[in-house]
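Enquirer: Got a structure here, written out as structure tokens. Questions coming.
The values are calculated or read from the model by the stated rules, or taken from the named source; none is laboratory data. Remember, it's a predicted structure, so these values are computed and weren't measured experimentally. Ideal geometry is used to build each Cβ from the backbone, glycine not excepted, and the neighbour counts take in all protein chains shown.
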Amino acid sequence: MTEQQLILQCRAGDRLAQRTLYERYCKAMYTVAYRITSNFEDAGEVLQDAFLQVFRHIGDFEQRSTLGAWIKTITVRTAISHLRRRRLAFVELEDKHQQELIDWGANGLDTDYLEKAIQALPEGARAIFVLAEVEGFAHREIAEMLQISEGTSKSQLHYAKKKLREDLFAAGIIYA
């Protein structure tokens, strides 16, 4: 079934099409939700809420992007709303948020350890790190989604990268 056919059938309320759409995107969206919430149960709740929004608003999908990108945006916003309800805290940091690159080393990185290090970041820094570095959102977009300033987004990303670098260095995963 093509994406266009799937959209049309979902708009018509076809349950089989809705199931197909869910099965096509659920794993990727669960991963996004988990990376933002850092909790399996919360990610499942976010996934459920996000797909309810998708099915409620599929008629509003204007196809200016791919269906997957539209669903991802809904999932990210749902995850952020979930965190906001849990009082996600963003701390204003020093205004030293220049772009920094992390040298992961020439011989690769233990991705399991990296994932654990990302999940150990404070909620606000983790959410921004995932949105910026994993999902590719610009600071302007992140600031709008999280209702924070671009400066806060930049400083949280700077803090997240610094903390990751320190944690990975302390574990002997990367070297100075």
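Enquirer: Considering only the stretch 111-133, state which residues are more than 13 Å from A171 (Cβ to Cβ) and hydroxyl-bearing (S, T, Y).
Expert: T111
Enquirer: Moving on. Output the residue which, of all residues in the stretch 20-29 that are under 21 Å from R126 (Cβ atoms) and touching a helix residue (DSSP H, G or I) at 6+ places or on another chain (Cβ under 9 Å), is surrounded by the fewest Cβ atoms within 10 Å (Cβ to Cβ).
Expert: Selected residue: A28.
Enquirer: Another question, if that's okay. Just name the residue that is surrounded by the most Cβ atoms within 10 Å (Cβ to Cβ) out of those in the stretch 106-156 that are touching a Ser or Thr at 6+ places or on another chain (Cβ under 7 Å) and β-branched (V, I, T).
Expert: The residue in question is I128.
Enquirer: Further, regarding this structure: Pairs, please: C-beta under 6 Å, at least 6 apart or cross-chain, first residue under 16 Å from V134 (Cα atoms) and in contact (Cβ under 8 Å) with a residue 12 or more places away in the chain and in the stretch 22-51, second among the hydroxyl-bearing types (S, T, Y) and surrounded by 15 or more Cβ atoms within 10 Å (Cβ to Cβ)?
Expert: M29/T75; V32/T75; A33/T75
Enquirer: Can you tell me which residue is modelled with the lowest pLDDT among those in the stretch 4-63 that are of a type in the set (G, A, S) and under 19 Å from H82 (Cα atoms)? Step through it out loud before you land on a result.
Expert: Taking the stretch 4-63 as the starting set, the residues that turn out to be of a type in the set (G, A, S) are 12-13, 17, 28, 33, 38, 43-44, 50, 59.
Retained after the next criterion (residues that are under 19 Å from H82 (Cα atoms)): 28, 33, 38, 43-44, 50.
Details: A28: 95, A33: 95, S38: 88, A43: 95, G44: 96, A50: 97.
Top of the filtered list is S38.
Enquirer: I need the full set of residues from the stretch 30-52 which are more than 20 Å from I142 (Cβ to Cβ) and surrounded by 22 or more Cβ atoms within 10 Å (Cβ to Cβ), in order please.
Expert: Scanning the stretch 30-52 gives a single hit, L47.
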